1. Kindly identify the stretch 140-225 as rounded, prolate or oblate by the Cα gyration tensor criterion: order the square roots of the eigenvalues as a ≥ b ≥ c, call it rounded if a/c is under 1.5, otherwise compare a/b with b/c, prolate if a/b is larger, else oblate.
2. In what sequence do R185, R235 fall when counting other Cβ within 10 Å, fewest first?
3. Which value in nm describes the separation of the simple spin-label points at D55 and E158, placed 7 Å from the Cα toward the beta carbon?
4. In the P(r) worked out for the chain, what percent of Cα pairs fall beyond 38 Å?
5. Give me the percent of DSSP beta bridges within the stretch 22-298 that run antiparallel, rounded to the nearest 5.
6. Between T73 and N254, what's the calculated FRET efficiency when r is the beta-carbon distance and R0 is 41 Å? Round to 0.05.
7. Among DSSP bridges having both ends in the stretch 81-237, what percentage is antiparallel? Round to the nearest 5.
8. Taking amide H atoms as placed 1.01 Å from N in the peptide plane, list the residues 5 or more away in sequence, or in a different chain, whose amide H sits under 5 Å from that of V194.
Amino acid sequence: MADPTALYTLADDIPELDRPVLVYHLDGFMDAGRAGQLAARHLRTLNARLVATFDVDSLIDYRSRRPPMIFDTDRWVGYEAPELAVYACEDAVGVSFLVLSGPEPDRAWEWFADAVISLGERLDVQLAIGMHGIPMAVPHTRETGLTPHGNRADLLGEHPAWINRAEVPGSAAALIEYRMAEAGRDAIGFAAHVPHYLAQAAYPTAAIALLHGISSATGLMLPTTDLDEAAVEAREQIDGEVAASEDVTEAVRNLEVQYDAVMEAGRNSLPLAGSPARMPDGEEIAAEFERFLAEQNAQ
């Protein structure tokens, strides 16, 4: 495999870091409600300073995701070049952590994963955390759930097991976690449960859930004020649209009944045999993933 250090360039002035946490999200794959994207963008507002950039020309197929350019009258006046980079940010009490974000590589996943591991070793990263949203048959009127995963069970907290085993399309982000675990590096992730009927819209509530999960796992104090305000506005709009349709109202009510039954069964450790409020199996989860990706590709 090619030298992983050749795929990234360190900034000239790297801020002082003390075994930081690395949080990452890559645009282009499964991210229902834009949960991971919203969370990553929010983190990048927290006193971000450039640490490293990746060679996007080696990783991105520009024909599959053409960068926007600006044409004015008779000339090109702007080009929004893609950036895949790591920034150092600070939580509410000044603790530094790293954020890796940008487009998911179209090629050389193994080289990229190796480069992320190499960069983590050079910066003495103590833990890597991925984040994204997945579409689920859950109502927006209930608390947003998380599916945690990774090789540090002690950091994942207590969450109902909605998914047992499923074969789903791979991603560069998932490969990073997989290869990090193989290399003996601590790596975990959180997937926010986004109501399937909101999967294509921006859903700030899911981004907040991701950040709360990261805070619980790491002790980082991540402010969410801007996202909180956006979530309130989104909730008001969603409630209004739901109330405008009797069919949608009934569908959400049915999801509430199913969700409450699953939560109650989990608390009581009772089986759900014979109940319509069962958990989805692996094939159903995989089918939902495939449907969501197909809708994304069709846009």
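1. oblate
2. Values: R185 20, R235 15.
By the 10 Å Cβ count, ascending, the order reads R235, R185.
3. Result for the modelled spin labels: 5.0 nm.
4. Everything past 38 Å amounts to 15 percent.
5. Just about 50 percent of them are antiparallel.
6. FRET efficiency, T73 to N254: 0.15.
7. Here the share of antiparallel DSSP bridges comes out near 55 percent.
8. Correct list: I134, M136.
Every number here is computed from the coordinates shown, using simple stated rules; none is lab data. These figures come from a predicted structure and were not determined experimentally. In this analysis, Cβ positions are derived from the backbone assuming ideal geometry, glycine residues included, and neighbour counts consider all displayed protein chains.
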